[in-house]
Amino acid sequence: MNAVIRAFTLRAIHEFGWRVVGFLDGFAGLIDKQFITLDEKQVFKIASQGGTILGTSNNVDPFEYYLPNSTSPIDVSDRVLAYIKELHIDALVTIGGDGTQHMAYRLFKLGVPVIGIPKTIDNDLGGTDQTFGFDTAVSIATEAIDRIQTTAESHHRIMLVEVMGRYAGWIALYSGLASGADIILIPEIPFSLERIKDQIDARVRDGHKYTLIVVSEGAREEGKDYSIMKMVKNSHDPIRLGGAAAQLGQRLEEETGIEARATVLGHLLRGGVPVSSDRILSTRYGAGAVDLVADKKFGHMVALRQGKIASATLEEATMALRLVTPDHELVARAKQVGIIFG
Ligand code: F6P
């Protein structure tokens with residue numbers, strides 16, 4: 001986030017002399033008129049900092065806004081439109097994933113000059129080949145799985161590692177492939193307990209002393225539903241997934257007699273220092289978004305297409321989640337090296 005904020009601000013100021021302000025805590029700041037002016041000094045050194053200097057909120061929606069202590073939402077988009085006029089905002093840059101860009105698109109349809117920038121570790125936003133944040137999450141997951149693999153080896157266990165990604169298996173696919181997992185379970189390919197057991201049996205017969213399974217939090221058994229950890233209030237998508245690895249681990253332990261342990265990486269994947277490829281992508285996105293503002297390509301999102309910075313309409317970006325397809329090249333390559341998808 002910070003690398004995007006930095007790149008956008010520096011280019012906007014240097015090349016165009018624009019004034020850049022950052023709303024605090026995402027849409028919450030836009031609703032409450034809480035913002036700070038961003039200048040060179042403030043953003044110059046922030047590319048290596050994880051998180052965002054502006055703060056964020058993932059449960060504030062101007063179209064379904066909950067006043068304190070209220071249980072029924074109200075539409076405050078009129079207030080947002082009035083503020084945008086009052087503050088003389090010529091362009092609103094929305095940095096976020098599916099939920100953020102949905103709201104951005106709705107604001108655009110009401111006349112707000114919006115430009116989107118695709119951010120989510122899940123990598124599931126339409127219209128772009130990659131969102132920023134994904135590479136960092138994959139790299140943290142890969143390192144953690146590598147560490148678990150060494151303990152799995154010593155203890156002769158079934159080790160399951162659950163990674164985030166919501167309804168998309170990108171993080172599990174990439175980190176599972178990078179760390180040499182034996183089984184990768186993703187939401188897009190529902191698994192069968194029997195097939196997993198067969199694979200574990202085959203590994204035991206071949207003399208392998210452990211099995212490493214990377215489980216996407218959205219992984220589910222054929223014909224079954226997602227593992228839901230909790231429902232959160234006032235969110236664009238109130239479902240919080242979790243528990244898939246623990247549940248599967250327990251069943252595998254019961255059925256195979258081999259000890260199983262599950263580790264949930266959770267929010268570890270969203271924090272810390274961003275990897276260099278993410279900082280570079282964020283810089284390209286931030287500086288590239290300035291072009292869209294200058295060209296008044298409102299209702300568009302900066303995007304990555306075949307390695308080049310391009311743009312997509314917000315409609316395209318939010319039409320459907322970009323999921324792993326069962327015939328994706330990486331799925332095929334993983335299978336070719338013996339990984340199964342359950
Ligand atoms: O969309 C990003 C994400 O990190 C998902 O991978 C995960 O399911 C969800 O957000 C967790 O949300 P929260 O931080 O509200 O628990």
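Only the coordinates and a few stated rules stand behind these numbers; no lab work does. Worth saying up front: this structure is predicted, and the values here are computed from it rather than measured. Cβ coordinates were reconstructed from backbone atoms using ideal geometry, including for glycine residues, and neighbour counts include every protein chain displayed.
Structure summary
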| item | result |
| --- | --- |
| Estimated vicinal HN-Hα couplings, Hz - region 148-162 in sequence order (Karplus 6.51, -1.76, 1.60; Gly, Pro = x) | 5, 4, 5, 6, 4, 4, 5, 9, 6, 10, 8, 10, 10, 10, 9 |
| HN-Hα J in Hz across region 266-272 - Karplus 6.51, -1.76, 1.60, θ = phi - 60°, x for Gly and Pro | x, 6, 3, 5, 9, x, x |
| Candidate lysines for bridging to Lys209, where Cα separation is under 26 Å - those fewer than 8 sequence places away on the same chain excluded | Lys197, Lys335 |
| Calculated from backbone phi, Karplus (6.51, -1.76, 1.60) coupling profile of region 72-86 in Hz, x at Gly/Pro | 10, x, 10, 8, 10, 4, 4, 4, 4, 4, 5, 4, 4, 5, 4 |
| Sequence-distant residues sharing a close amide H with Tyr65 (under 5 Å, placed H) | Ile74, Asp75, Val76 |
| Straight-distance crosslink candidates among lysines, where the alpha carbon sits under 29 Å from Lys109 and sequence neighbours closer than 8 are dropped | Lys33, Lys85, Lys119, Lys233, Lys296, Lys297, Lys308 |
| Under-5 Å amide H pairs with Ala47, H placed in peptide plane, nonlocal only | none |
| Amide proton proximity set for Ala310, modelled H, under 5 Å, gap of 5+ | Ala303, Leu304, Arg305 |
| Length-normalised contact order of the chain in % [C-alpha pairs under 8 Å, at least 6 apart] | 23 percent |
| Net charge dipole size for region 135-271 [Lys, Arg +1 and Asp, Glu -1 on Cβ; Debye, nearest 20] | 380 debye |
| Ranked list, fewest to most other Cβ atoms within 10 Å of each Cβ, for Leu67, Leu92, Leu193, Leu107 | Leu67, Leu193, Leu92, Leu107 |
| Cβ-based exposure ranking for Leu24, Leu330, in which fewest neighbours within 10 Å come first | Leu330, Leu24 |
| The chain: angle of helix 98-109 to the longest principal axis, Cα-based, in degrees nearest 10 | 30 degrees |
| For the chain, share of DSSP beta bridges that run antiparallel, in % to the nearest 5 | 35 percent |
| Electrostatic dipole magnitude of the chain [Cβ: Lys, Arg +1; Asp, Glu -1; Cα centre; debye, to 20] | 700 debye |
| Residue of Pro238, Pro274, Pro68 that the Gaussian network model of the chain assigns the largest fluctuation, springs spanning Cα pairs under 10 Å | Pro68 |
| DSSP beta bridges in region 135-271 [antiparallel fraction, %, rounded to 5] | 15 percent |
| Degrees, to the nearest 10: 170-179 long Cα axis against longest axis of the chain | 50 degrees |
| Listed residues Ala334, His236, Thr263: farthest to the positive end of the dipole of the chain (Cβ charges) | His236 |
